[in-house]
Amino acid sequence: MLRINPTTALAAVVAAGVLAAPAAADPGAGGPAPVDEKRPEAAAPVPATPAPAAPAPVGDPREREIQELKQLVNELRKRVEDLEKKPAEPPPVVPEPPVSQPTPTGQGVPTTGAGGATFLPNISVIGNLIARAGDSKAVPGRGRAHFEELEIAFQDQVAPKLRYDLFLSAEKEEEWKVGMEEGYLTATGVLPQLSLRAGRINTPIGKFNPLHPHQWVFITRPSASTALLGEHGLSSEGVVGTYVLPTKRFYAGLDFGIWRNASEIHAHEEGDEGEDEEEHEEALGFTGGQQGAYSTRLHLSKGLSLTKELELGFTRYWGRGDVEGFGRKMMAINGVDLTYRSYPGAFSRLLVTAEMLAHETRGINGDTKFRLGGWLTTAYRWSQYWEAGARLDYTQYPFPISGNEVGGSLVLTKYITEQTSLRLEYRHAKDPEFGHTNAIFLQLLFGSGPHAHPLQ
Amino acid sequence: MRVLRFLTVGFLALLAAGSAPAEAKVDVVTSDQNLSWLAKTIGGPNVSTEFLAGSGQDPHFVQPRPSQVARLSRADLVVRVGMDLDIWFDSLVRAAGNSKIVLGAAGYVDASQGIRALQVPQGKLDPSRGDIHIYGNPHYFYGPSNLPIAARNVRDGLKRVDPKNADAYDDNYTKLVQRLNAKMSEWKAKLAADRGKSVVTYHMSLIYFLTDFGMSEFGYVEPRPGLQPTPGHISSLAARMKQEGIKTILTEAYRPRRYADLVGSQSGAAVVVLPGGIGAEKGADDYFAFMDIVVARVAAAL
């Protein structure tokens, strides 16, 4: 009986496999049939606990075969030892990139996601907590800290050229109320370089009105915006098309919108200060366009260098509205805005903006009444984490209210993360009702989740 | 009102006079300067390239501007870094109203497609973990082994929008990879003695470079990505560095220097300033020159 040393047997099997492999790889070469991995019984049997080995008879052809196999194993062992002595070869210098499978549109979706695909839209929350202090009743809610606003956004692409943006806003006046701050569909590339937005939109008047409060570089709204557009700015329901003109050396965008003024959706609640304040606030703002309005805006921008930009905008928004004591009249807001931006360093930014609004009421005893307002803002971010700024603002009240406000603010901002910041604003203002007012505001802005707004 | 009308009419007349004639070259706009070089290298004379953010800027903090929309509105192909590094790019593409370059169109290239992402965050993600990127570390351009992947994506994009020059793009891609292979051997030889060493980096931006050359990160000057270093974190990091014998802090030129210097002075480690990308400093005119500088400075410091 032939006794086989288990080590020898194992080596023989391995060696046989090595020798057979090239032939097995080519079924047409007449080698042994490839092992069917699905049929373990077809593989070469390797005893798990083989019998003890004993020397085989000398001159036996099987012995010769074993000796040959031993020699082969020794040669292989020596080659392995030689290879192990050499320093480890680095991986291929430049690996061949894996071949991705593009989608039929020619571009794959991200393959490097954390956990794979999802159907969830982008959901984000922005919190705006403000504490106020002041020496007159011109500062509403003074001595208190409360959520000015909690913005919840849902945003997603719903078709290759169609996306929606929905911004819900929870605000506390007397009670918490949830409303839609903005909500619109955007169709891109309807015609070459033309996009359309439809829904409830912060009216594209100037640079400032379309912005949400968390995008501002200060805490308080400029008095001209409050007086001439409304306490929350001007929102409208309608559709606006933006055409990017085919210019090469500068940007030129032309908006044209058809609207229904929707600002009254921000209901004015009776404040702590009583009936007088309510009447005062309701009289401010723009009341034109309640049954239809139009807007147009020309936005020009020139990159002065890779890090400097100059922008100029012209806006007109017009429609009929009620004027207290005069009935329904044609009203308009005309605006001019100028912005200079410079990015002298990786994180530093200088921003200077000036915006002027003219509130126009026609047909008042055959005359047109203009009321003007505007502000000048500068902000300098000198590092990744700090920014300081100042603002001067002035406004007249819309016809038929007389009087004006003037004020100035100093602002200091600490950026904690990309979406979280702490901001301090000192403001001095003078108005006909309260006279001189000093106020301090402290704001904590925080955010979570992917959040985006159209470029302004 | 008359003034507004006058300005509008005048402006439209200016446009009519100043509009550029159509050019035969493929108009490529990239989100950063590195990709612009890559597009030019693959595209050769068949493309014109522009970039929106220079290498001296932190790619996280680029603020989109209207003039960039003008560049995108006429582009045939856009190339972005992807992996949420240039998330600001989306608002520009949307504003441009150019259907050739939106996600899914032939003229849209995400250069990160196929990159084997490192440091992909796991579990619940929220801002308390700093400014993290859900698709993994997006600073793949510092890793030379990723260059062919990004180059292939650019090449494929160019072939989609300009199939008649497909052979030229294939040739340029092959030449780029061959040259990179030669340079990679040279860089590996220069850093061979540093394999296995650990360094501190300012931000989580050098993991691909360190991995390619067999080194590792010990820690970061930032307590969490994007957050300002605190005195406590600096002291703690410096103490651990001294304990473990970490001798080098790597930072990009655009990052605040003082925090890296503070860690360096407390730990005794040297601060090595690296260019932020192609064109970020004199001599870093292409990827090979840029990486030559990076490799030389790291090799000298370690």
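Taken together, the values in this text are just the output of simple stated rules run on the coordinates, not laboratory data. This one's a predicted model, so the numbers in the text were calculated from it and none came from an experiment. Glycine gets a Cβ as well: all are built from the backbone with ideal geometry, and neighbour counts include every protein chain shown.
For a Förster distance of 41 Å, can you work out the FRET efficiency between the beta-carbons of B:Gln119 and B:Asp167, rounded to the nearest 0.05? Don't skip to the answer; put the middle values down first.
Details: r = 38 Å, r/R0 = 0.92.
The calculated FRET efficiency here is 0.60.
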> Can you give the Rg to Rh ratio of region B:88-160, both from alpha-carbon atoms, with Rh computed by the Kirkwood formula?
Replying inline: 1.03
> Can you work out ³J(HN,Hα) from phi for every residue in region B:106-112, in order, using Karplus 6.51 cos²θ - 1.76 cosθ + 1.60 and θ = phi - 60°, giving whole Hz and x for Gly and Pro?
Replying inline: 5, x, 10, 10, 9, 5, 7
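Multiply the residue gap between A:Asn74 and A:Lys137 by 0.36 nm, knock off their C-alpha separation, and tell me the result in nm, one decimal place.
Details: separation 63, 0.36 × 63 = 22.68 nm, distance 9.77 nm.
This chain segment gains 12.9 nm when fully extended.
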> Looking only at B:Val81, B:Val161, B:Val200, which one moves most when chain B is put into a Gaussian network model with springs between Cα atoms under 10 Å?
Replying inline: B:Val161
> What is the average number of partner chain Cβ atoms found within 10 Å of a Cβ in B:100-108?
Replying inline: 5
> Which value, to two decimals, describes the C-alpha radius of gyration of region B:206-258 once divided by 2.2 N^0.38 Å?
Replying inline: 1.18
> Within the set B:Lys175/B:Lys282; A:Lys207/B:Lys25; B:Lys159/B:Lys188; B:Lys159/B:Lys183, which residue pairs have Cα atoms separated by over 30 Å?
Replying inline: A:Lys207/B:Lys25; B:Lys159/B:Lys188
>> How far apart, in nanometres, would the label points at A:Tyr164 and A:Val125 be if each is projected 7 angstrom from Cα along the Cα-to-Cβ direction?
In response: 2.2
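Just add up the charged neighbours of A:Leu150: K/R +1, D/E -1, any other residue whose Cβ is under 12 Å from the Cβ of A:Leu150. Walk me through the intermediate numbers first.
Values: positive: A:Lys172, A:Lys177; negative: A:Glu148, A:Glu149, A:Glu151, A:Glu171, A:Glu181.
Taking every Cβ under 12 Å from that of A:Leu150, the sum is -3.
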>> Calculate log10 I(q)/I(0) of region A:322-456 for q = 0.10, 0.17 Å⁻¹, where I(q) comes from the Debye formula with a single equal point scatterer on each Cα and nothing for solvent.
In response: -0.49, -1.05
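Relative to 2.2 N^0.38 Å, what does the C-alpha radius of gyration of region B:166-217 come to as a ratio? Two decimals please.
On the way: Rg = 14.8 Å, N = 52, 2.2 N^0.38 = 9.9 Å.
Dividing the Cα Rg of region B:166-217 by 2.2 N^0.38 Å gives 1.50.
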> Looking only at other chains, what is the average number of their beta-carbon atoms within 10 angstrom of each beta-carbon in A:340-351?
Replying inline: 4
> For the pair B:Glu244 and B:Thr174, how long in nm is the line joining their label points, each one 7 Å along Cα→Cβ?
Replying inline: 4.5
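Could you compute Rg(Cα) / (2.2 N^0.38 Å) for region B:174-247, with N its residue count?
Numbers: Rg = 15.7 Å, N = 74, 2.2 N^0.38 = 11.3 Å.
So the Cα radius of gyration is 1.39 times the expected 2.2 N^0.38 Å.
For the ranges B:55-67, B:126-138, what's the packing order if you count other beta-carbon atoms within 10 Å of each residue, average per peptide, and put the highest first? Write out the running numbers ahead of the final one.
Numbers: B:55-67: 21.5, B:126-138: 18.5.
Highest-to-lowest ranking by the protection proxy: B:55-67, B:126-138.
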>> Show me, for region A:308-313, the HN-Hα J-couplings you get by feeding each phi into the Karplus relation (A = 6.51, B = -1.76, C = 1.60, θ = phi - 60°), rounded to Hz, glycine and proline as x.
In response: 9, 9, 10, 10, 9, x
> So what is the calculated 222 nm ellipticity per residue for chain B, using -39500 (n - 2.57) for each DSSP H run with n of 4 or more, over all residues, to the nearest 500 deg cm²/dmol?
Replying inline: -13500 deg cm²/dmol
>> Of the candidates B:Tyr254, B:Tyr169, B:Tyr208, which one comes out as most mobile in a Gaussian network treatment of chain B with C-alpha springs shorter than 10 Å?
In response: B:Tyr254
> How big, in percent, is the set of alpha carbon pairs in chain B lying more than 27 Å apart?
Replying inline: 47
>> Could you compute the net charge surrounding B:Pro256? Neighbours are other residues with a C-beta less than 12 Å from the C-beta of B:Pro256; K and R count +1, D and E count -1.
In response: -1
> Among the GluC sites (Glu not before Pro) within region A:160-253, which fall in a DSSP loop and have no more than 11 other Cβ atoms within 10 Å of their own Cβ?
Replying inline: A:Glu174, A:Glu175
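Sorted from fewest to most neighbouring beta carbons within 10 Å, what does the list A:Asp322, B:Asp76 look like?
On the way: A:Asp322 13, B:Asp76 21.
Ordered from fewest to most neighbouring Cβ atoms within 10 Å, A:Asp322, B:Asp76 come out as A:Asp322, B:Asp76.
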> Quick one: Karplus J couplings for region A:441-456, per residue in order, coefficients 6.51, -1.76, 1.60, θ = phi - 60°, nearest Hz, x for Gly and Pro?
Replying inline: 10, 10, 10, 10, 9, 9, x, 8, x, x, 9, 8, 10, x, 5, 10
